Amino acid sequence: MSVPTAASGPIPSDKTADDVVDHFYYPPDEFKAARGEGVYLYGEDGSRYLDASSGTFNLTLGYSHPEVVETIREQASELIHVTSKFQSKPVNALIAGLAEVAPAGLTRIHLKSSSGSDANEAAIKIAQHNTGNTDVISLFRGHLGQTMGMINASGAAFRRAPFPAQIPGVVHVPDPYCVRCFYKQQRETCGLLCVERVNDFIDYASSGRVAAVILEPISGNGGNVVPPDGYLQALRALCDERGILLIFDEIQTGFGRTGHMFASDTFGVSPHMLTFGKGLGGSGMPIAGLMTEERLTGLEGHHINSTFGANVLASSVAVKTLEIIRRPGFLENVRTVGAHVLDRLREMAERFPFMGDIRGKGLMIGMEINDADGEPDPTFTNHLAALGMKHGLLLRTSLYGFGNVLKVRPPLIMTMEEADEMCDRLTRLFEDAS
Ligand SMILES: Cc1ncc(COP(=O)(O)O)c(C=O)c1O
């Protein structure tokens, strides 16, 4: 790799665009994206891919939704940013809209800049401040973000292995992963042992001073683990009994992904706090934040603010996104198309023995890829995702490529025809790989 001199500028003039790759901190994929439209992403070479992962699971409205593009044009010419201590029309409209759709009991909204990790850290700070306690309970396969704090609060130990100093007081507990139950139970008779045992973790593994339980209602990166009926209710009851705050990380599940505005609605359980991000940006605008119960105010701005907090341009897009999601038929389409995709995948599983458990709600779907003994096969899972490109499909796998779940989370605007095209492409991919 040649290092540019100060005189030559960041990209030496004798380098081609391809040489620029040398300057990336880690090597990017070879694919060069040129433009996107709806559920499709197009390469510079004219290739077209159906994006079954919605970008980074955030393109609720697909690529460059025309109403988002128009909103950006209009808002950018008025105001892009103002310090978050001032009010502005887009921010006020967004706060009002979010307050209207918030799960029961969540009345206060705080808009962070762009990052879900940042929103989760703010929620934990609020919990610590309000309870006077320190510890945090999260799930083995939980993915709560990339900051130092959130790699520690997340499960998946390999992600924090290189970093010695992390926040203390995090206790990880087994996921409600019935098909691979940590406690080797059967759902019909388990009595939700995975919730019951959380008491033991609090009593024996924590400092005894737990501020919050934080989890994704359906784990995103952890493998699309859908909790059994009653799990979230039982967890909420445990938290209420023990004076612990329950935080739902709805950064992936929020804004229609599970067929309702929030997974909280899908499962019929309100948390004490809820964090959001990703999908609220519609076609990829960076925005994130949190909702809390009224009683949880009190933390000062200097503890939880950031420069791009409540960004005006991003807020204008979020208002438009919320408006579109709330239009008649939008969420119903997510439920109908999602159910159809689940049916088709289950039919396919009869032909392809490597397809294991298929699970999901709305358009948050995952399928296990297993070996001949029914054991997780991450290598083959990654192979399928890579081969997907040849079949015009963008697919992502769980646990940063260490997991065995292929995720199917297309933009929520997906039509039935596009869903069939996605499933047909998956079928051809699986035939090719068999
Ligand atoms: C469930 C969940 N929580 C938190 C995060 C972190 O969000 P961000 O990458 O915006 O910091 C992610 C990102 O993938 C996520 O999926």
Residues being within 23 Å of G223 (Cβ to Cβ) and not in a helix (DSSP H, G or I) - total across region 113-161: 18
R327 surrounded by fewer than 20 Cβ atoms within 10 Å (Cβ to Cβ) and at pLDDT 95 or above: yes
Any hit, region 126-140, residues being more than 24 Å from N305 (Cα to Cα), in the same structural domain as P227 (by TED's automatic domain parsing), within 16 Å of the ligand (Cβ to nearest atom) and surrounded by fewer than 24 Cβ atoms within 10 Å (Cβ to Cβ): yes
Conditions (1) out of contact with any Ser or Thr (no Cβ under 8 Å at 6 or more places or on another chain); (2) surrounded by fewer than 17 Cβ atoms within 10 Å (Cβ to Cβ); number of the one not met by C178: (2)
Qualifying residue in region 201-217 (condition: surrounded by 15 or more Cβ atoms within 10 Å (Cβ to Cβ) and farther than 24 Å from S264 by Cβ): yes
Count of region 194-240 residues which are basic (K, R) and within 16 Å of the ligand (Cβ to nearest atom): 0
Top-ranked residue in region 269-305 [being more than 16 Å from the ligand (Cβ to nearest atom) and assigned to a loop (DSSP other than H, G, I, E, B); ranked as farthest from Q128 (Cα to Cα)]: V269
Boolean, A127 is closer than 22 Å to R236 by Cα and among the hydrophobic types (A, V, I, L, M, F, W, C): yes
Any chance T381 is touching a helix residue (DSSP H, G or I) at 6+ places or on another chain (Cβ under 9 Å), under 30 Å from R160 (Cα atoms), free of Cβ contacts under 8 Å to residues at least 24 places away in the same chain and crowded, with 23+ Cβ neighbours inside 10 Å: no
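The values are calculated or read from the model by the stated rules, or taken from the named source; none is laboratory data. These numbers come from a predicted model, not from an experiment. Positions of Cβ are backbone-derived with ideal geometry, glycine not excepted, and every protein chain shown enters the neighbour counts.
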